[in-house]
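One structure below.
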Amino acid sequence: MLTPKDERDLAQAVADAKGPLWVQGGGTRASGRTPQGEVLSVAGLTGITLYEPGALTMVAQAGTPLAEIEAALEAEGQMLPFEPYSLGGVTGVSGDTTIGGVFATNASGARRVQVGAARDLLLGVRFVDGRGEVLRNGGRVMKNVTGYDLVKLLAGSRGALGVLTEVAFKVLPKPEAVGHVTLTGLTDAEAVQAMAAAMGSPFDVSGAVHAPAGIEEEPTTLLRVEGFADSVTYRTERLRDLLSRFGAGQIGTSVEPWQAGRALSAFSQTVRGPGGATWFVSVKPGDAPALMARIAGAHDCLYDYDWAGGRIRIHAMADQRALHDALRAEVAAIGGHATLIHAPSDLADAVPLTQPEPAPLAALSERLRAQFDPRGILNPGVMG
Amino acid sequence: MDMPQPNPAIVSRKAELVERLHRVLPDRAVISDPMETRAYECDALTAYACPPLVAVLPATTEEVAGVLRICHDMGVPVVPRGSGTSLAGGALPTADCVVLGVSRMTEVLETDYDNRFIRVQTGRTNLSVTGAIEGDGFFYAPDPSSQLACAIAGNIAMNSGGAHCLKYGVTTNNLLGVRMVTMQGEVLDIGGAHLDAGGLDLLGVICGSEGQLGVVTEATLRILPKPEGARPVLIGFDSNEVAGACVSDIIRAGVLPVAIEFMDRPCIEACEAFAKAGYPMCEALLIVEVEGSPQEIAHQLRLIGDIARRHNPVELREAADADEAGRIWLGRKSAFGAMGQINDYMCLDGTIPVSQLPLVLRRIGELSGEYGLRVANVFHAGDGNMHPLILFDANTPGQLETCEALGAEILKLCVEVGGCLTGEHGVGIEKRDLMTVQYSPADLEAQMRVKDVFDPDWLLNPAKVFPLGASEARRQTPRASAA
Ligand SMILES: Cc1cc2nc3c(=O)[nH]c(=O)nc-3n(C[C@H](O)[C@H](O)[C@H](O)COP(=O)(O)OP(=O)(O)OC[C@H]3O[C@@H](n4cnc5c(N)ncnc54)[C@H](O)[C@@H]3O)c2cc1C
Ligand SMILES: Cc1cc2nc3c(=O)[nH]c(=O)nc-3n(C[C@H](O)[C@H](O)[C@H](O)COP(=O)(O)OP(=O)(O)OC[C@H]3O[C@@H](n4cnc5c(N)ncnc54)[C@H](O)[C@@H]3O)c2cc1C
């Protein structure tokens, strides 16, 4: 394992590499793929370089533990807007998720529907490309259109274009209060309609999730509103009234469902132990219920909806390959993508982790990778 | 500002080019008469103008692909064009190029409120996207001041912002998918009605690529429900520093206004003379706008008022009704028009960390004195996006050059304090040669390698974004020079 202590070391390690490198942050991802080549750990590059609460910006070394970032933000009453959560509960791997790993996987939680994904909050990057060259793009200001936006390209690129060494990102003040409206007993289709109605309202919903298996066996739909206390009270009431045709909504102010929601609902409680496979699916919300009727109708699995139905998280203990193949085919037909997040190695080694792209796009992506990493040594095979 | 010499070999083949273009386009969509091509000689950076060899106005993606195949085959450079409102010279032609305008492609293709998106042809103007959905209570958030004229095509190419992007983000944060034609004439669909990329985020790098990676013909845009209401407050201060400190305090307090606009004295005076909005005469004015229900608005305005009062404002004026709100915005919205009345002006848009505001405004004042040109500042303060307007007289020999030199100094200052050259207008030709101030040769090389992937022959808007010296070898590729 290579454990560089700073950016220069890391660049040297990449330049000197004779074969494939397996880029690792905290290692909490654990897709199940059998590692190829030598592990290159970014965990040695740590520390918050700059934090300006009044400008809502932070800059940190890529290996800085997420926990350290969150503690620093917490001390100033601020937060990471896009709400990343650790997948330790799913992958069964313990370790310190790193801020670089979060941006390298474009990992976003429930608030994505309101404030955008990790990629939307990332302002600037420093990274080492496959040649071992240190590169920079973007900056630390909120608005920047100087040259091409390689920041977006690097976000979610999972180490395949370069190794992130430093990230600059936007943060937000923590809301004073949180409230939610809970609906129970809805079918998937009704729940997605209710979430669409909520998202189409002016009440600034900051999270919309539906767990068909529910918290206590009963299908549960949660809509979250955040802000100043009076405003939260007002908006949750209006939202409940707006959704009355879907049943009597319960108003709550406890943050527990949402803390659990970081590893959300029944999903995380049930999903433990080795042998499971997990997919994250991104589709047009309205397409989600019919998709899941077909998938869950034919394959034994657990699933829930985040992002008002736009993201489906699926977990299966058995029949994984058949489910995987069906899911990829269905999603290709309706538009969207299904990412294999974690699986036993026989599945993770056998299939692409990301949704295969149509040929012209796959060719472009391939040529981009070749430009950034001509030797093809960075995380080979991780991105399709 | 230099542009490459036109390639005489291409110019000499104009008749053949026109003849081939006529085969894929209706007659009126090919403009080759030198009197008529003048209509496309410049964008809103009017100091530079050059009629193209030919201009074409296709109406469909297939026609766009047909044009690009011909130009690719003949090695003719193509400059994509939306409405021509770029302030950076992004749509400036060369004498040997085809301007490909999408202004006839204005259809709404699909509107989906349940899934909150609209799909449009990219020649549609920004404001008319909102126009198509506001009756149903929705809007498209990015709102450049030029929104009445500018097209979604240009917005995507420049990753445009607007006054309200403090809350809603800029174009890239509201763009879900595109249909795009490559220089080779291949039609690509990237993204769609779902969120985020499954593989590499190609959409992310296409947005803001200034027409250099492909011609975007359709866009899927995120739409949002209109807030219950919105109200601005006007706050005047007797120094820029204090106004800057107030901005920072508002942001820290957890109030998230949708807009915080800043005007300095020269700007206030010009706007007042032009629009008579009733602005107080002071050193700095903030317009802060909040959204929500009446009670929510009242609550936020109370918090903002409390913060402002700690900074001893000379004026604190809440809009009591829509009419007063309109008047508060009136001056700001007519700022560019007001400047245009009294002078020629050059509008910069460097971004700085908000904490550096007072320092940067002071330095701009000093530089303005040194160069002998007046500078008025009006900008999006919440996100540090400056808009220094340098006033000059284009008819006085040498003033344009002095103005450009002062502009370059101001932009270097923005980079020095941790900011960037351009926050929303783009590089175009205007900031092309300053790119080396912000980026190392290796950083620029990495960006140019992305263009190599999409447009290996460097035919699409080739003389923009990168310093001509840095892109020279690439622009001399066989196909580009073969013709
Ligand atoms: C595809 C995917 C999508 C995910 N989506 C979400 C989500 O939407 N919401 C959520 O909350 N969580 C998500 N997660 C889970 C979790 O938040 C991330 O896995 C976590 O951030 C990883 O942190 P880590 O430091 O442990 O990274 P690792 O587990 O060490 O690495 C994760 C991936 O990122 C690469 N990587 C890590 N560090 C760097 C770096 N510095 N430079 C370049 N590449 C690097 C690795 O090569 C690997 O491919 C997702 C995980 C994956 C794999
Ligand atoms: C008075 C005024 C106020 C302004 N205010 C703002 C503001 O508040 N915020 C802001 O961000 N900008 C502002 N601008 C700048 C300008 O309006 C934006 O950059 C706008 O997005 C340009 O759109 P357009 O359709 O006019 O593009 P054009 O000027 O026609 O072209 C701009 C760029 O886009 C490329 N392009 C055009 N069409 C396509 C296509 N189909 N495919 C690929 N590339 C294409 C061109 O090649 C060029 O590089 C302002 C301009 C003016 C004149």
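A few points about this structure:
- Filter result for residue B:187 (at the interface with chain A (Cβ under 7 Å from one of its Cβ atoms), within 14 Å of ligand 2 (Cβ to nearest atom) and under 24 Å from residue A:368 (Cβ atoms)): no
- Any hit, the stretch B:438-446, residues being touching a strand residue (DSSP E or B) at 6+ places or on another chain (Cβ under 7 Å) and assigned to a strand (DSSP E or B): no
- For the stretch A:1-48, a residue qualifies if it is β-branched (Val, Ile, Thr) and not in a loop (DSSP other than H, G, I, E, B), and the qualifying residues are A:14, A:23, A:39, A:48.
- Residue B:421 within 21 Å of the chain's Cα centre (by Cα) and crowded, with 23+ Cβ neighbours inside 10 Å: yes
- Of the strands (runs of 3 or more DSSP E) lying entirely inside the stretch A:82-190, those containing at least 1 residues that are free of Cβ contacts under 8 Å to residues at least 60 places away in the same chain are A:122-129, A:134-138.
- The C-beta contact set for the stretch A:35-56 (first residue surrounded by fewer than 20 Cβ atoms within 10 Å (Cβ to Cβ), second residue at pLDDT 95 or above and among the aromatic types (Phe, Trp, Tyr), distance under 7 angstrom, 6+ apart or interchain) comprises A:35/A:22; A:36/A:22; A:37/A:22; A:38/A:22; A:39/A:22.
- Failed criterion for residue B:390 (all others in (1) in a loop (DSSP other than H, G, I, E, B); (2) of a type outside the set (S, T, N, Q); (3) farther than 22 Å from residue B:208 by Cβ; (4) in contact (Cβ under 8 Å) with a residue 40 or more places away in the chain hold): (1)
- Between B:361, B:348, the distinction of being closer than 30 Å to residue A:146 by Cβ, within 16 Å of ligand 2 (Cβ to nearest atom) and either of a type outside the set (A, V, I, L, M) or not assigned by TED's automatic domain parsing to the domain that holds residue B:254 (or both) belongs to B:348 only.
- Hey, residue A:108 in the same structural domain as residue A:22 (by TED's automatic domain parsing), under 25 Å from residue B:160 (Cβ atoms), modelled with pLDDT under 95 and near ligand 1 (Cβ under 8 Å from one of its atoms) or not: yes
- Among residues of the stretch A:141-159, those that are more than 12 Å from ligand 1 (Cβ to nearest atom) and of a type outside the set (D, E, K, R), counted: 10
- Once the stretch A:141-159 is narrowed to residues that are more than 7 Å from chain B (Cβ to nearest Cβ) and closer than 30 Å to residue A:208 by Cα, the residue that is nearest to the chain's Cα centre (by Cα) is A:158.
- Residue match in the stretch A:114-123 (condition: within 14 Å of chain B (Cβ to nearest Cβ), under 17 Å from the mean Cα position of the chain (by Cα) and among the β-branched types (Val, Ile, Thr)): yes
- Checking residue B:477 against (1) surrounded by fewer than 24 Cβ atoms within 10 Å (Cβ to Cβ); (2) touching a helix residue (DSSP H, G or I) at 6+ places or on another chain (Cβ under 9 Å); (3) free of Cβ contacts under 8 Å to residues at least 60 places away in the same chain, the condition it does not meet: (2)
- The conditions of being at the interface with another protein chain (Cβ under 10 Å from one of its Cβ atoms), surrounded by fewer than 23 Cβ atoms within 10 Å (Cβ to Cβ), part of a loop (DSSP other than H, G, I, E, B) and away from ligand 1 (no atom under 16 Å from the Cβ) are met by residue B:256.
- Here the stretch B:105-154 is the region considered, the condition is being among the charged types (D, E, K, R) and surrounded by fewer than 17 Cβ atoms within 10 Å (Cβ to Cβ), and the residue that is farthest from ligand 1 (Cβ to nearest atom) is B:107.
- Residue A:111 being touching a Gly at 6+ places or on another chain (Cβ under 9 Å) and either under 21 Å from residue B:384 (Cα atoms) or facing chain B (nearest Cβ under 8 Å) (or both): no
- Conditions (1) within 27 Å of residue A:203 (Cβ to Cβ); (2) facing chain A (nearest Cβ under 8 Å): number failed by residue B:174: (2)
- Qualifying residue in the stretch B:61-80 (condition: of a type in the set (S, T, N, Q) and in a loop (DSSP other than H, G, I, E, B)): no
- Hits in the stretch A:193-249 - residues which are away from every other protein chain (no Cβ under 11 Å), of a type in the set (S, T, N, Q) and surrounded by fewer than 22 Cβ atoms within 10 Å (Cβ to Cβ): A:244
- Residue list for the stretch B:195-226, filter: in contact with a Pro (Cβ under 6 Å, 6 or more places away or on another chain) and more than 7 Å from chain A (Cβ to nearest Cβ): B:211, B:215
- Among the residues of the stretch A:347-384, those identified as assigned to a helix (DSSP H, G or I) and in contact (Cβ under 8 Å) with a residue 60 or more places away in the chain are A:347, A:348, A:368, A:369, A:372.
- Matching option when the condition is within 13 Å of ligand 1 (Cβ to nearest atom) and more than 7 Å from chain B (Cβ to nearest Cβ), among A:132, A:162, A:138: A:162
- Consider the stretch B:114-134 and keep the residues that are within 14 Å of chain A (Cβ to nearest Cβ) and part of a loop (DSSP other than H, G, I, E, B). The one that is nearest to residue B:164 (Cα to Cα) is B:116.
The values are calculated or read from the model by the stated rules, or taken from the named source; none is laboratory data. Just so you know, these numbers come straight off a predicted model, no measurement behind them. All Cβ positions, even for glycine, are placed from backbone atoms using ideal geometry, and neighbour counts span all protein chains on display.
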